[in-house]
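Input: a single structure, listed below in C-alpha cells.
Where a number appears in this text, it was derived from the coordinates with a stated rule and is not lab data. Only a predicted model underlies this, so the values are computations on that prediction, with no experimental measurement involved. Positions of Cβ are generated from backbone atoms using ideal geometry, with glycine treated the same way; all protein chains shown enter the neighbour counts.
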Amino acid sequence: MSTERVDAYAEALLGIARAEGRVEEIEDELFRFARAVEGNDALRSALVDRSLPAERRFAVVSELMGSKALETSTALAAAIVAAGRASDLSAIVDRFVELAAAGREREVAEVRTAIELDANDQARLAEAIGRAVGKNVELKVIVDPKVLGGIVARVGDTVIDGTVRHRLEQLKEQI
Amino acid sequence: MRIRRLVAVSLLALGTVVTVPGVAHASGSAGEISECLLEKAEELEAKEIDAATFDVEAKNCYAAPSPLLPATGEIIWGGIAFLIVAFGLIKFGFPALRKGLADREAKIREDLEAAEAARASARNADADHEQKIAEARNEAAKIVAEAREAADQVRADLVARAEADAADIRARANADAQLATERAMADLQAQVAELSVELAERVVQRNLDRDTQKALVESFINEVGGSRS
C-alpha cells in the first residue's frame with residue numbers, strides 16, 4: 001500500500017476520532033487491536049481473506065475489540081477490514097497514532113514489556129525515554145511475553161532494548 | 001715402332017720360307033718317289049744291284065733330299081711371292097694396320113680418358129653425394145636432436161602441469177576439507193549456542209517472577225533515564 005493511501009486512511013481515522021472527541025481512547029483501542037492482529041497469523045489471514053463473508057470478518061473484529069471498546073473504534077476497525085485493507089491495518093493505525101501524538105506535540109514510544117505497567121511506571125518510563133531521545137513522548141505499551149523480561153522501546157527509528165530476550169540473543173551471538 | 005715392323009716382316013718371311021717350300025716338296029715327291037722306285041726296280045732286275053741294296057735304295061727314295069732346303073725353283077718362286085706379299089703388306093697392309101692400330105690406340109686412349117673423366121665425374125658425383133648424404137645426416141641428426149629436445153620440453157611441461165594440477169587439486173581438497181570442518185564447527189557452535197540459549201531462556205523464564213520483572217523495569221527506567229541520546 002502506498003504511503004499516500006496510508007496517510008489518507010490515518011488522517012480519516014484522526015478526523016473521525018477528533019470529531020467524536022475521543023482521540024486518545026480510539027487511538028489506544030485501535031493500537032491494541034492492530035498489535036493483536038499483527039501478532040496472530042491466523043487472525044490476520046482471516047481478516048485479509050476476502051472469500052470469507054463480510055459479516056464473519058466483522059464478527060471477528062467485534063469479538064477482538066471487546067465489548068468495552070468504543071463503538072467508533074470497532075466501526076473504524078471494521079471499516080478498514082471492509083475496505084480490504086486489513087493487511088495494512090498496522091501501518092494505518094501506527095500512522096494514525098503518530099498523527100494524533102504529533103497533534104499533541106509528542107512522539108509515540110512503542111513499549112513492549114513482559115508485564116503490565118501501572119500508571120506510575122508508565123509516567124516514569126515516558127519521562128525517562130523522553131529524556132533519552134530528547135523529545136516529549138507518549139507510550140503505547142504492549143504486553144509481549146516474548147520479551148521474557150525487561151522493556152524494549154522504539155521511538156521512530158530509535159530502539160532502546162533492555163529485554164532479557166535481547167540479552168539472550170547477545171549471549172547467543174557471543175557463543 | 002720401326003723395329004717392331006722389321007721383326008714382324010722377318011717373322012713373316014721365315015714362316016713363308018719354312019711353309020711354302022715344304023708344301024711344294026710334299027706335293028711333287030710322289031712322282032719322284034715312284035720314278036725312283038721304278039728306277040731301282042729296273043736296276044734290281046738287271047741285277048745291277050742286289051736285293052739288300054735295293055731295300056736301302058728304296059728307302060732312300062722315300063727320304064727327302066733335305067728337310068730344310070726346298071728345290072731351287074720353289075725358293076725362287078717362293079721368294080718372289082714373298083716379296084710381292086711383303087711389298088703389299090708394307091705398302092698397303094702395314095699402313096692400314098698401323099692406322100687401325102693408331103685409331104684403335106686413339107680410341108682406347110679416348111675411351112680411357114672418357115673413362116677417367118667419367119670416373120672423375122663419378123668420383124665428384126660420389127663426393128657430392130657423400131657431401132649431400134653427410135649434410136642430410138647432419139640435418140637429420142639436427143632434426144632428431146631438436147625433436148628430442150622438443151619432446152623433452154613437452155614432457156617436462158606436461159609433468160610440470162600435472163604436478164601443478166595435482167597440487168591445485170590437493171590444495172582444493174585441503175581447502176574443501178578445511179571449509180567443511182569449519183562449517184561443521186560453525187554448525188556445531190550454532191547448535192550449542194541455540195541449545196544453551198534455549199536452556200538459559202527456560203531457566204530465566206522459570207526464575208522471572210513478578211518482583212524480578214518489576215526490578216528489570218525499574219532498572220530499565222533508571223538506565224534509560226540516566227542516559228541522553
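Working note: Debye formula, equal point scatterers on the alpha-carbon atoms of the stretch A:106-174, no solvent; log10 I(q)/I(0) at q = 0.17, 0.19, 0.21 Å⁻¹ is -0.58, -0.71, -0.84.
For A:Val108, the amide hydrogen comes within under 5 Å of the amide hydrogens of A:Glu138, counting only partners 5 or more places away or on other chains and with H modelled in the peptide plane. Taking packing as the residue-averaged number of other Cβ atoms within 10 angstrom, the listed peptides B:210-217, A:128-135 run from highest to lowest as A:128-135, B:210-217.
Peptide packing for A:28-34, A:86-92, B:140-146, A:157-163 was compared via the average number of neighbouring C-beta atoms within 10 Å per residue; ordered from the highest value, the list is A:28-34, A:86-92, A:157-163, B:140-146.
Helix check for chain A. Which DSSP H runs span at least 24 Å along their own axis by Cα, with a mean Kyte-Doolittle hydropathy no less than -1.0? Before the final figure, lay out the partial values.
Values: long enough: A:3-20 (25 Å, -0.01).
Those that clear 24 Å and a mean of -1.0 are A:3-20.
The mean count of C-beta atoms from other chains within 10 Å of the C-beta of residues in B:182-193, rounded to a whole number, is 1. Over the protein assembly as shown, dividing the summed -39,500 (n - 2.57) contributions of all DSSP H runs of at least 4 residues by the number of residues returns a 222 nm mean residue ellipticity of -27000 deg cm²/dmol. Across peptide B:46-57, the mean count of Cβ atoms from other chains lying within 10 Å of each residue's own Cβ comes to 0. For GluC sites (Glu not before Pro), the sites in the stretch A:74-152 that DSSP calls loop and that have at most 14 other Cβ atoms within 10 Å are A:Glu105, A:Glu116. With the Cα gyration tensor of the stretch B:47-135 giving a ≥ b ≥ c as the square roots of its eigenvalues, does the rule (a/c under 1.5 for rounded; else a/b larger than b/c for prolate; else oblate) give rounded, prolate or oblate? Cα axes put the stretch B:47-135 in the oblate bin. Among the residues of A:154-160, the average count of other protein chain beta-carbon atoms within 10 Å of the residue beta-carbon is 1.
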